[in-house]
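S.K.: Take a look at this one; I'll ask things after.
The values are calculated or read from the model by the stated rules, or taken from the named source; none is laboratory data. No experiment lies behind these values; they were computed from the predicted model shown. Cβ atoms come from the backbone with ideal geometry, glycine included; neighbour counts cover every protein chain shown.
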Amino acid sequence: MTPINQHPDGSPRPCCAAARGTSLSAEPAAGDRLSGQAGPDCSGLHASTSSTSMDNTAAAVPPDDSVQDARQLLANWDGEAASRPSRDTFILLEGGTFAMGSEDAESFPADGEGPIREVTVGPFRIAPYAVTNEEFARFVAATGYVTEAERFGWSYVFHLLAPDLEEKHVIGRPQGTPWWLGVRQACWHRPEGPGSSVAERMNHPVIHVSWHDAQAYCEWAGTRLPTESEWEFAARGGLERRRYPWGDLLKPDGEHRCNIWQGKFPVKNNASDGYIGTAPVDAFEPNGYGLYNVAGNVWEWCADWFTANPDERGPADQPRGPQTGTERVMKGGSYLCHKSYCNRYRVGARSKNTPDSSTGNLGFRCAADAN
């Protein structure tokens, strides 16, 4: 796995992303932790990175815990037996040619958003919503699947979402992004670690799922992950060369259209959009094609390997990215994105992470062939 705070090319990760690796540090001094102004490359924030003798090991979550929690969550939710989701709700898109990517001034060259290029996608189906905790619980209850976060024994939790977490549950903080906590036992059904639950968030997007976990779910459900070009085509909702799924203004008529960071990142979120963490998958208005939350809320895995080189992204007709790679594409941004440093909730924006990584702001939605 790659170092936690760097891409393989040495460029810094987005402030809202964290990957698995070994570069975890202990608790920063109180005066140093999260002071200063965050920049797009995570510079400007100061935190101690000195190592201590803290225990940075983590035991895997017992496999039975996941299945038992899934069944209990479903019993409390509606009492129905686990079943596969139906593709009847998927939106059929006829495909077409569109302008993919962006050349926005606030984009980051290392992300490879540009140049804008004409891309054609064929007909396909895509879910209007990201996969929910309820749907993922049905998958786990039916199959006994154990996520990578559970096997590793920990995942990344944003610090403001776990203010009362005991220090013994924190294995460390990634250098360069100290707002992330490596939390023991954090996983899809314990999103903030020990003592937390998704019982009141069953209609929120599932989080703490790796690309491999998303693939496993899709295989069980008879679906697949969308390609990056399919995802962006669907997210644009029929609008051409617009910044957001609804147009060029972030808040038309002063109305919040997505769940992103409100306030000073990473120390204060005033939740003026209604949410501090994840929002229900049907929050806010859908785009022109009927897709919800394709800007903000949670990052969504795509099928493609990531490359910033436009010559490696495949043909203009139904591109599927490079044949190999080390990181997978993520699209959409999350509740941690803010215009002061990231702006990756723009529809043409993109990011990446290692396929074994999981965080509290990363989920997925399903797609399927048209037939």
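S.K.: Please specify each residue of the stretch 288-307 satisfying the condition of being more than 24 Å from A216 (Cβ to Cβ), under 19 Å from the mean Cα position of the chain (by Cα) and not hydrophobic (A, V, I, L, M, F, W, C). Steps first, please.
M.R.: Initial filter on the stretch 288-307 (more than 24 Å from A216 (Cβ to Cβ)): 288-290, 295-296, 307.
Adding the requirement that they be under 19 Å from the mean Cα position of the chain (by Cα) leaves 295-296, 307.
Passing the criteria: G296, T307.
S.K.: Return yes when G176 is farther than 22 Å from N297 by Cβ, in contact with a Pro (Cβ under 8 Å, 6 or more places away or on another chain) and either at pLDDT below 95 or not in a strand (DSSP E or B) (or both) and no when it is not. Before you say what the answer is, go through the steps one by one.
M.R.: On the way: farther than 22 Å from N297 by Cβ: yes; in contact with a Pro (Cβ under 8 Å, 6 or more places away or on another chain): yes; either at pLDDT below 95 or not in a strand (DSSP E or B) (or both): yes.
Answer is yes for this residue.
S.K.: Continuing with this model, one more query. Hey, could you check the stretch 219-246 for residues that are acidic (D, E) and within 16 Å of V121 (Cα to Cα) and say which is modelled with the lowest pLDDT? Even if it seems obvious, please write down each step before you answer.
M.R.: Step one: filter the stretch 219-246 for residues acidic (D, E), giving 219, 228, 230, 232, 240.
Okay, now just the ones that are also within 16 Å of V121 (Cα to Cα), so 228, 230, 232, 240.
On the way: E228: 98, E230: 98, E232: 98, E240: 93.
Among them, the one singled out is E240.
S.K.: Return the pair list, or none, for Cβ contacts closer than 6 Å from residues in the stretch 130-152 that are on the phi > 0 side of the Ramachandran plot to residues that are surrounded by fewer than 22 Cβ atoms within 10 Å (Cβ to Cβ), at least 6 apart or on different chains.
M.R.: Qualifying pairs under 6 Å: G144/V67.
S.K.: Further question on the same structure: Which residue, of E118, E148, E200, E94, is within 27 Å of G288 (Cβ to Cβ) and out of contact with any strand residue (DSSP E or B) (no Cβ under 7 Å at 6 or more places or on another chain)? Steps first, please.
M.R.: On the way: E118 fails: out of contact with any strand residue (DSSP E or B) (no Cβ under 7 Å at 6 or more places or on another chain); E148 fails: within 27 Å of G288 (Cβ to Cβ); E200 fails: within 27 Å of G288 (Cβ to Cβ).
None of the others qualify; the one that does is E94.
S.K.: Go through A186, A216, A271, A221 for me and flag whichever is of a type in the set (A, V, I, L, M, F, W, C), surrounded by fewer than 24 Cβ atoms within 10 Å (Cβ to Cβ) and over 19 Å from Y129 (Cα atoms).
M.R.: Values: A186 fails: surrounded by fewer than 24 Cβ atoms within 10 Å (Cβ to Cβ); A216 fails: over 19 Å from Y129 (Cα atoms); A221 fails: over 19 Å from Y129 (Cα atoms).
Exactly one residue qualifies, and that residue is A271.
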